[in-house]
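Engineer: Have a look at the structure that comes next, please.
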Amino acid sequence: MVQIPNLLIIAGSGNKSGKTTMACRLADQMRDKHIVAVKITPHFHDSTPGLEFVAGGDGYSVSEETNRDTSKDTSRMLKPGAERVFYARVSDSTIMAAFEEILKKIPEGSPVVCESPALRQFVEPGLFIIMKSVHNENQKEISSLLQYPHSS
């Protein structure tokens, strides 16, 4: 498993569990650290204005968010102070290829905040946070994530 000590992965129990809010707070409070934010999703939707394609391959696409003024999660991360924000649409088998493309675009050692439970299967981050909503009745099963304790 690849170890990336400058990486924080935020996972959660589903929509409205606070993943993006946590990433935004970190970007705001640590803007002088030039944080790079990443959102990785298995959902393939049409690209929206502000997302500029930067890399892609069979089963994945990586874009960089340039618009701070929408309600998209990537815009929300950029607005409070993330230096750059990347959005990757992946399949399970292409998540590492997409993440490696993102790492090529940022300076080595830059702090990275990534919203993606799936990435944790392949990477040992410096810190792993699981957000759990107490208000969402349609929560995802997250017990498989509990096997990944923080260990540094």
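The values are calculated or read from the model by the stated rules, or taken from the named source; none is laboratory data. As the structure is a computational prediction, the values presented were derived from the model and not from experiment. Every residue, glycine as well, gets a Cβ built from its backbone with ideal geometry; the counts of neighbours run over all protein chains shown. For accessibility, only protein heavy atoms count, side chains too; no ligands or nucleic acids. Shrake-Rupley method; radii C 1.70, N 1.55, O 1.52, S 1.80 Å.
Engineer: Obtain the nm distance between the two label points defined at His43 and Met96 by a simple spin-label model: each point lies 7 Å from its Cα along the Cα-to-C-beta direction.
Structural biologist: Reported label-point gap for His43 and Met96 is 2.7 nm.
Engineer: Given H placed on each backbone N at 1.01 Å, which residues far from Leu51 in sequence or on other chains put an amide H within less than 5 Å of it?
Structural biologist: Sorted by chain and number, the residues that satisfy this are Thr66.
Engineer: OK, next. Lys104 to Asp69: extension gain in nm, 0.36 nm per residue of separation minus the Cα-Cα distance? Walk me through the numbers on the way to the answer.
Structural biologist: Numbers: separation 35, 0.36 × 35 = 12.60 nm, distance 2.64 nm.
Full-extension gain reported as 10.0 nm.
Engineer: Set the bar at 21 Å for Cα to Cα. Now go through Lys19/Lys105; Lys79/Lys132; Lys72/Lys104; Lys104/Lys132; Lys39/Lys105 and name every pair that lies beyond it.
Structural biologist: Working: Lys19/Lys105 23 Å; Lys79/Lys132 24 Å; Lys72/Lys104 24 Å; Lys104/Lys132 31 Å; Lys39/Lys105 15 Å.
As for pairs spanning more than 21 Å Cα to Cα, those are Lys19/Lys105; Lys79/Lys132; Lys72/Lys104; Lys104/Lys132.
Engineer: So, for segment 5-98, what is the accessible surface per residue at a probe of 1.4 Å, expressed in square angstrom?
Structural biologist: Numbers: 4660 Å² over 94 residues.
That works out to 50 Å² for each residue.
Engineer: For segment 64-117, build the convex hull from the C-alpha positions and give me its volume per residue in Å³. Mind showing how you got there, number by number?
Structural biologist: Working: hull volume 4.8 nm³, N = 54.
Taking the convex hull of the Cα positions in segment 64-117, it is 89 Å³ per residue.
Engineer: Another one. Leaving ligands, DNA and RNA out of it, report the carbon-plus-sulfur percent of the accessible area of segment 1-133 at a 1.4 Å probe. Walk me through the numbers before you get to the answer.
Structural biologist: Values: 3300 of 6590 Å².
Roughly 50 percent, rounded to a whole number.
Engineer: Can you give the FRET efficiency for Met30 and Asp58, using 1/(1 + (r/R0)^6), R0 = 41 Å, r = Cβ-Cβ distance, to the nearest 0.05? Let's see the in-between values first.
Structural biologist: Values: r = 35 Å, r/R0 = 0.86.
After rounding to 0.05, the efficiency reads 0.70.
Engineer: Okay, next question. Largest first, how would Asp73, Asp32 line up by accessible area (1.4 Å probe)?
Structural biologist: Numbers: Asp73 45, Asp32 105 Å².
Ranked from most to least accessible, the order is Asp32, Asp73.
Engineer: Rounded if a/c is under 1.5, else prolate if a/b is larger than b/c, else oblate: which is segment 1-105, with a ≥ b ≥ c the root eigenvalues of its Cα gyration tensor? Provide the component values of the computation, followed by the final result.
Structural biologist: On the way: a/c = 1.40, a/b = 1.22, b/c = 1.15.
Rounded.
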